[in-house]
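A short write-up of the structure that comes next.
The values are calculated or read from the model by the stated rules, or taken from the named source; none is laboratory data. Just so it is clear, the model here is predicted, and its values are computed rather than measured. Cβ placement follows ideal geometry from the backbone for every residue including glycine, while neighbour counts extend to all protein chains displayed.
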Amino acid sequence: MKRNKVWARWTSLALAAAVSASPLSPAAVPAANATGAGHLVISEVYGGGGNSGSTWRSDFIELYNPTETAVNVTGWTVQYASSSGSFSLASNMYVELSGIVAPHGYYLVKAADGSGGTVSLPAPDDEGGIAMAAGSGKVALVSNGEAITGKDDPDVVDFVGYGGAGAYEGSGGTPTPSSSVSAQRKSDAAGYVPGQGNGFDTNDNRADFFTAAPTPRNAASPAEPPLGDDVVAGVTATPAPGAVERGTEVALSSATVTAAVYYSVYAPDGTPIVTDALYAGPIPITQATTIEAYAQKGDVRSEVRTFAYDLIETLSIAEARALPANAAATIEGVVTYKESAGGQNNLYVQDETAGIVVRGANLTPNPGDRIRVSGTMTDYFGLAQLQTAAGQSTVLTPQAGVPAPTVVDSRGFAEPNEARLVKLESATIGAGNEFNEYTIQDEYGTAIVKSGWIESGKTYDQIVGVLTYSFGNYMLLPRNRFDVIEKTFSVIAETPPGIVPPGTGIALFSPQPGAAVYYTTDGSAPTPETGTPYAGPIVVGDDDELTIRAIAAVDGMASDVYTFHYVKQQTYEGLAIHDVQSAGHVSPFAGHKVNDLEGIVTQRVGTGKFYMQTVPGQEDGDVRTSEAILVYSSYSVAPGDRVLVDGTVEERKEEGYDDANDLLTTAIGSAFVSRTSRGNELPAPVALERDRVIPKSIVDNDGMTVFDPEEDALDFYESLESMRLELRDARVVGPLHFEIPVVLGDQPGETMTPNGGILLAGEDINPQRVLVKKEVDGYKTGDRFLAPIVGVLGYDYSNFKVIPEGNLPAAEKGAATRERTSIVFDEDKLTIAGFNIENFWDNPSAAGAEKKRKIASAIVEHLNAPDIIGLIEVQDNNGQTDDGTTDASKSYEALIASVAAAGGPTYAYTDIAPENNRDGGATGGNIRVGYLYNPDRVTLTEKPRGDATTAVAYDKKNGLSHNPGRIAPTNDAFDSSRKPLAAEFEFKGERVIVVNNHFNSKGGDEAPFGAIQPLPPILASETQRQTIANVVNDFVAGVLKEDHKANVVLLGDFNDFQFSKTLEILKGDELVNLVDLLPLPERYSYVYQGNSQTLDHVLVTERLAPATTLDIVHINADFSERDGRVSDHDPLLVQLDLFARGVGNGAGQGYGNGKGTKK
């Protein structure tokens, strides 16, 4: 709870206590106000200014004063952080305020401008360079000029997490704003009341805000509500009316903070219990209750509002699980496991009847606690959850004990055991995937265990965990490493072997019931006769190392000997940063302490950490050793401070996916910092490509066994870890995707695309690309920064990244423009496009309407309305709502209408709906491939339409057996992936079979700059794609065996490169990949982390190739949303001359490509 808000509430309660004993004079007594804020609030947040689709040119933050007293904000700040980022005093992260906010008045803070929009803000009361994200982020109003540590910092006056922010007040962030709508605070619980201000505040961003067209107001705007006595806001009640737990206290308030509140209470039968009483404090609900209330100020009275409450009765968990979604429930049970996910807590709770996941923010119960909790039933992609909030759970019995797990086999991996604690016995681990999900086979079937503590091929005596449900599968989730027991008759040390502080006690135990533990510390093998009986922790004493050898013994039997080796943590004095960093990826001092490590603070990042670098003149001159280090400390420092640091050397995994094999960052943890001086000049940055030359082709060629920064890019960046770098002549090679990718200066011409991107054309992944960690949209391929970018080199999410100091310099726009196809319409030639439209559905929001408009524009204006369009990534009618819907007719119809409105033809469509949640992609979205076709140009031949599980066949006489039809949809190759869709069209008497594809993604593959070096010869995702390629090639080969003149076109998102094994398999001896025939710089349709690459392809049969022209139309991959980007993929367009002389006999005019003059 924030200091200012706590003060305001205590003031209100004190007033309420005082008036309860005074004469009941409503005109003279102010009311206690629990939900009309008694302090300045953030009333509106808008980060879409200047974006595509925005009316306003600028982002802004609006403040509102709901009190009767003017507030002086001089010296206060408004601070911003990205959804997952931290607050700082970088110039583009905060604005310092000055002036007065009048009672019921507004205060407008202008943030950064964008390149779009047509309307300027009203005159701002303050302004700065905050560059806000449109859809998610965090904004804080702070009572001083210090960077806050987070939402609970005592200096925070108000805090708003909007959209999908990682931090927020209450149960969640505000509804998601966009380029066209802002997040706005309500007037009261019912919503916004014109003229009544925006002062509603229950400390729950999700409940307190709504989205609507932006309404920026400044200090010159009229007071709301007017300060006269002619308007009194109605009463609101917290919690909202509905079912509540017995004893819940209802607070009443009015947005007119000086009004008194009067109320009446009625029993279930309508009998009055309290009549027209002055509200002085919360009203307890002990039965079904109706409250009527109004607010009065002087002679002015609000309308009477009614609030009805029912009691929630405690249900068994089985009864709660049977309730429909959104039903209220109260349960009791024991917590067996607690985890954090998505900024909230998951509690696995069970009683005698069932288990359930209780989800909410800042939940305090712990495993072993018996609790009562209220909430709302939800279905999270098939996992039953009780959604709750802080304050809705009560610990009935602390540490009542976790129940014994239920022993199950694979048959027990089912709904009756969902969210319960279970145990597998004698489990042999099978194959795993990149998500640490391993199969276990028994005589009854297959089970899945999700854990990083198990290994394929090993057999474990027991694995305990909670049974969860994820992506269509039940999975056992061990809670900790002690839940995974390879051998029951064994000895386990609670402290893992390694470096430990002196005095650490090493506790031993055996999972074997009744077993005693015996140990030695002299290196000898213990027996029950020679070993010391374990009676308590074994202390790491004066010796530098301790080796414990231990056995378990019971009933005359002894286990194997288990060895645990410990090194006593040392403290080192007089080391320099380069000593700690050393010439390698791991510090030789990792795990040990250092004292008086000296450096100059170069940058503060996030909460509680900063970078520091060696004092100029004290470097060691060895380019292999970094002169900077990351420090974790709550001590307040600023760039230019000269400091001495005491702490523990650590190898830390920074931000990233839990299952990713990332490099570690050398850091000083739990640091004590003493400042010796301020205002020192920062160490000069290393200018990349001038002072140090980046290796251009090799990431690592020795499995990280030799540290060679001159040859290996992985070692090169490691040798600069945490140091200040300078990026001169930085040229953007792709739009923002969490970072801005750049290269420095001119690159070899053959590696560059016409728009200024850098091409991924083979094994060389272009390690000279540098990622700039700055979430600022609006850059496109070919833009160029006009001044150097300076920042420190960090690492997260499997990549080295430069974290810039302050704002980015101005950039010169590149020449790239969104292309229009060079293919010219020809009445006698057929055009076919493949277009990944990135999770498209008929989204009714403003953003959804804008996406439909942009896709339609792309089809009509940039692709010349192709005769056939293979669409990739079409979702069902309600997008990611997981309610069993698979039909996508509304999605297609909405797009068809948009194309017609844009001046294009009225297309028809065809597809086959997948089985629910069986084809991968976002759960509930039921992503698929499908077709639009122009019935004035082509005909879909009349055949029975296929279904989700029937395989299409082909014979020469009849063509496809189903139209459309899916290729081998039940083949294991397509597990959790899209099934290729074959369709047969007729164009001027010629039949063409088009196969639309969307192979499985590259998700989960090892990263080029990750800790696994060299990369495996076959990445995890490639095996499935290669299997799919074989299946599809077999289908094409079968068609051509029936009819060697059959016209076959394959298109889609194959999620692999033209030089990959997948595409080689797919081509076989039957097909030509038209991408291979384009000029090298044109071979890209997708940009990832700055690499221009081809994942989308068009393949045709050998006899069609000479009469086919391909154009990759670059309208998306190089561009930002502000430039018109509507997908992350460029569409591919081909034109086929099915009537060309000599097609099929080698007399054609050669293989074509469509890169003529762009219109």
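Among the residues of the stretch 422-431, at least one is hydroxyl-bearing (Ser, Thr, Tyr) and out of contact with any helix residue (DSSP H, G or I) (no Cβ under 8 Å at 6 or more places or on another chain). In a residue-by-residue description of the stretch 959-975, the property of being in a loop (DSSP other than H, G, I, E, B), touching a strand residue (DSSP E or B) at 6+ places or on another chain (Cβ under 7 Å) and of a type in the set (A, V, I, L, M, F, W, C) applies to at least one position.
Only a single criterion out of (1) in a loop (DSSP other than H, G, I, E, B); (2) buried (at least 18 other Cβ atoms within 10 Å of the Cβ); (3) among the β-branched types (Val, Ile, Thr) is not satisfied by ILE291, namely (1). Of the strands (runs of 3 or more DSSP E) lying entirely inside the stretch 532-638, those containing at least 3 residues that are modelled with pLDDT of 95 or more and within 23 Å of LEU720 (Cβ to Cβ) are 593-604, 609-613, 628-632. Scanning the stretch 607-639 for residues that are under 30 Å from PHE87 (Cα atoms), buried (at least 18 other Cβ atoms within 10 Å of the Cβ) and either touching a Pro at 6+ places or on another chain (Cβ under 7 Å) or of a type in the set (S, T, N, Q) (or both) gives GLN613, THR614, SER626, SER633. Being part of a loop (DSSP other than H, G, I, E, B), crowded, with 23+ Cβ neighbours inside 10 Å and under 30 Å from the mean Cα position of the chain (by Cα) is a condition met by at least one residue of the stretch 824-841. Looking only at the stretch 879-895, how many residues end up being farther than 17 Å from ASN917 by Cβ and in a loop (DSSP other than H, G, I, E, B)? Going through the stretch 879-895 one residue at a time, the tally reaches 0.
Residues in the stretch 49-77 that are surrounded by fewer than 21 Cβ atoms within 10 Å (Cβ to Cβ) and of a type in the set (A, V, I, L, M): ALA70, VAL71.
Restricting to the stretch 232-257, name every residue that is among the hydrophobic types (A, V, I, L, M, F, W, C) and either under 17 Å from THR388 (Cα atoms) or in a strand (DSSP E or B) (or both). Break it down stepwise before answering.
Keep residues of the stretch 232-257 that are among the hydrophobic types (A, V, I, L, M, F, W, C), which gives 232-233, 235, 237, 240, 243-244, 250-252, 255, 257.
If the condition is that a residue be among the hydrophobic types (A, V, I, L, M, F, W, C) and either under 17 Å from THR388 (Cα atoms) or in a strand (DSSP E or B) (or both), then VAL235, ALA237, ALA240, ALA243, VAL244, VAL250, ALA251, LEU252 are the ones that fit.
Scan the stretch 501-531 for residues that are at pLDDT below 95 and assigned to a strand (DSSP E or B) and the total you get is 0. Each residue in the stretch 194-219 was checked for being more than 20 Å from THR67 (Cα to Cα) and of a type in the set (Gly, Ala, Ser), and 3 pass.
Test PRO282 against the stated conditions and say whether it is free of Cβ contacts under 8 Å to residues at least 12 places away in the same chain and surrounded by 14 or more Cβ atoms within 10 Å (Cβ to Cβ). Taking the combined requirement at face value, the residue does not satisfy it. Selection of the stretch 340-364 for residues being polar (S, T, N, Q), surrounded by fewer than 21 Cβ atoms within 10 Å (Cβ to Cβ) and either closer than 25 Å to ASP204 by Cα or in the same structural domain as LEU467 (by TED's automatic domain parsing) (or both) yields SER340, GLN344, ASN345, ASN362, THR364. Of the residues contained in the stretch 282-294, none is found to be within 22 Å of VAL422 (Cβ to Cβ), small (Gly, Ala, Ser) and in contact with a strand residue (DSSP E or B) (Cβ under 7 Å, 6 or more places away or on another chain). Kindly evaluate ARG372 against the criterion of being free of Cβ contacts under 8 Å to residues at least 40 places away in the same chain, at negative phi, outside any helix (DSSP H, G or I) and in contact with a strand residue (DSSP E or B) (Cβ under 8 Å, 6 or more places away or on another chain). Here the answer is no, as ARG372 does not meet what is asked. Restricting attention to the stretch 976-996, the residues that are buried (at least 17 other Cβ atoms within 10 Å of the Cβ) and part of a loop (DSSP other than H, G, I, E, B) add up to 4. Residues in the stretch 687-709: is at least one out of contact with any Phe, Trp or Tyr (no Cβ under 6 Å at 6 or more places or on another chain), of a type in the set (A, V, I, L, M, F, W, C) and part of a helix (DSSP H, G or I)? The answer is no, given that none of the residues of the stretch 687-709 is out of contact with any Phe, Trp or Tyr (no Cβ under 6 Å at 6 or more places or on another chain), of a type in the set (A, V, I, L, M, F, W, C) and part of a helix (DSSP H, G or I).
Among the residues of the stretch 887-913, those that are among the hydroxyl-bearing types (Ser, Thr, Tyr) and surrounded by fewer than 18 Cβ atoms within 10 Å (Cβ to Cβ) comprise SER889, THR906, THR910. When you check THR69 against the structure, is it part of a loop (DSSP other than H, G, I, E, B), touching a Pro at 6+ places or on another chain (Cβ under 8 Å) and not aromatic (Phe, Trp, Tyr), yes or no? Criteria met by THR69. Annotation: ARG1025 fulfils all but one of (1) within 30 Å of VAL770 (Cα to Cα); (2) part of a loop (DSSP other than H, G, I, E, B); the unmet one is (2).
Would you say TYR337 is surrounded by 15 or more Cβ atoms within 10 Å (Cβ to Cβ) and either within 26 Å of GLN512 (Cα to Cα) or touching a Phe, Trp or Tyr at 6+ places or on another chain (Cβ under 7 Å) (or both)? Yes; evaluated as a whole, the condition is true for this residue.
Here ALA233 does not fit the description of being surrounded by 22 or more Cβ atoms within 10 Å (Cβ to Cβ), farther than 30 Å from SER374 by Cβ and in contact (Cβ under 8 Å) with a residue 40 or more places away in the chain. Which residues, taken from the stretch 868-914, are of a type outside the set (Asp, Glu), out of contact with any strand residue (DSSP E or B) (no Cβ under 9 Å at 6 or more places or on another chain) and closer than 19 Å to GLY946 by Cα? Within the stretch 868-914, THR885 is the sole residue that qualifies. MET475 meets the conditions (1) at pLDDT 95 or above; (2) more than 30 Å from the chain's Cα centre (by Cα) in every case but one. The failed one is (2).
Candidates in the stretch 141-162 are the residues that are β-branched (Val, Ile, Thr) and outside any strand (DSSP E or B); of these, the one that is modelled with the highest pLDDT is ILE148. Screening the stretch 744-777 for residues that are of a type in the set (Gly, Ala, Ser) and surrounded by fewer than 21 Cβ atoms within 10 Å (Cβ to Cβ) and picking the one that is modelled with the highest pLDDT gives GLY745. Going through (1) modelled with pLDDT of 95 or more; (2) surrounded by fewer than 23 Cβ atoms within 10 Å (Cβ to Cβ) one by one, THR923 falls short only on (1).
Among all residues of the stretch 307-326, there is none that is at pLDDT 95 or above, of a type in the set (A, V, I, L, M, F, W, C), crowded, with 22+ Cβ neighbours inside 10 Å and assigned to a strand (DSSP E or B). Within the stretch 955-978, residues that are on the phi > 0 side of the Ramachandran plot have Cβ atoms under 9 Å from residues that are of a type in the set (Val, Ile, Thr) in these pairs: GLY959/THR941; GLY959/ILE993; ALA968/VAL952; ALA968/VAL1031; ALA968/VAL1032, counting only partners at least 6 apart in sequence or on another chain.
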